[in-house]
Amino acid sequence: MARGSTRASNGPRVGVGRIFAAFLLIGATSFGGGAIAYLRNTLVVKHRWVDDETFLQLLAIGQTLPGLKATNVAVLAGDRLRGVSGAIAAMAGVCLPGAVLMYIVGVVYQAERERPLLEAALEGVAAAAVGLILATTLKLGRTSFSRIDDVAFILLTVVCVNRLFIPVPYVLIGVGALAVAWYGSAAAKWRTIP
């Protein structure tokens, strides 16, 4: 059995065309960081292709990899749903609208030097994207972070990045290693209790 078909058998069997169409809609209707909210809504709520826990795992992996989070999550989700062909369909779907739109905006931007309307539109989109990120964070936080040590790792990450100005990759590696050690020792302790 091929690697792609083995990986795809772990999740629901979804056609490549459906994957492409779903991610094309996400790519065409999401802006900036708001893409993560649309990804969650499509994958977890609308199609039920993955659950919240799996989405968080995909998001965590996508965030640690180089590149855009939304694209990384799309590739990982597509791979989970249909293997390599699903990953390619998801990546093409999520990237195509943005690429076409950026080309058009680039042409318009060069043609129109005075662009107050364009700048106003971009400021409005940025504000909406922040709101979508916050809403998604709150939804995921309610279902995923139920213990005090979860909150402690979140606060440690925020302090390291925003107050100590440690680069994000170093914080992810350091806090991630600390969390693995913490949760690993906690799991081992619970397994040894009779």
Checked region 31-90 for anything more than 17 Å from Phe20 (Cβ to Cβ), free of Cβ contacts under 8 Å to residues at least 60 places away in the same chain and among the hydroxyl-bearing types (Ser, Thr, Tyr); matches are Thr54
Report yes if Val159 is more than 16 Å from the chain's Cα centre (by Cα), part of a helix (DSSP H, G or I) and in the same structural domain as Leu56 (by TED's automatic domain parsing), otherwise no. no
In the set Leu134, Leu138, the lone residue that is exposed (fewer than 12 other Cβ atoms within 10 Å of the Cβ), without any contact (Cβ under 8 Å) to a residue 12 or more places away in the chain and part of a helix (DSSP H, G or I) is Leu138
- prompt: Got at least one residue in region 103-115 being at pLDDT 80 or above and either within 29 Å of Leu76 (Cα to Cα) or under 21 Å from the mean Cα position of the chain (by Cα) (or both)?
  reply: yes
Of those in region 35-83 that are part of a loop (DSSP other than H, G, I, E, B) and at pLDDT below 90, the residue nearest to Gly98 (Cα to Cα) is Leu68
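The values are calculated or read from the model by the stated rules, or taken from the named source; none is laboratory data. Everything numeric here is computed off the predicted structure, so don't read it as measured data. Counting neighbours? That spans all protein chains shown, and the Cβs are built from the backbone with ideal geometry, glycine included.
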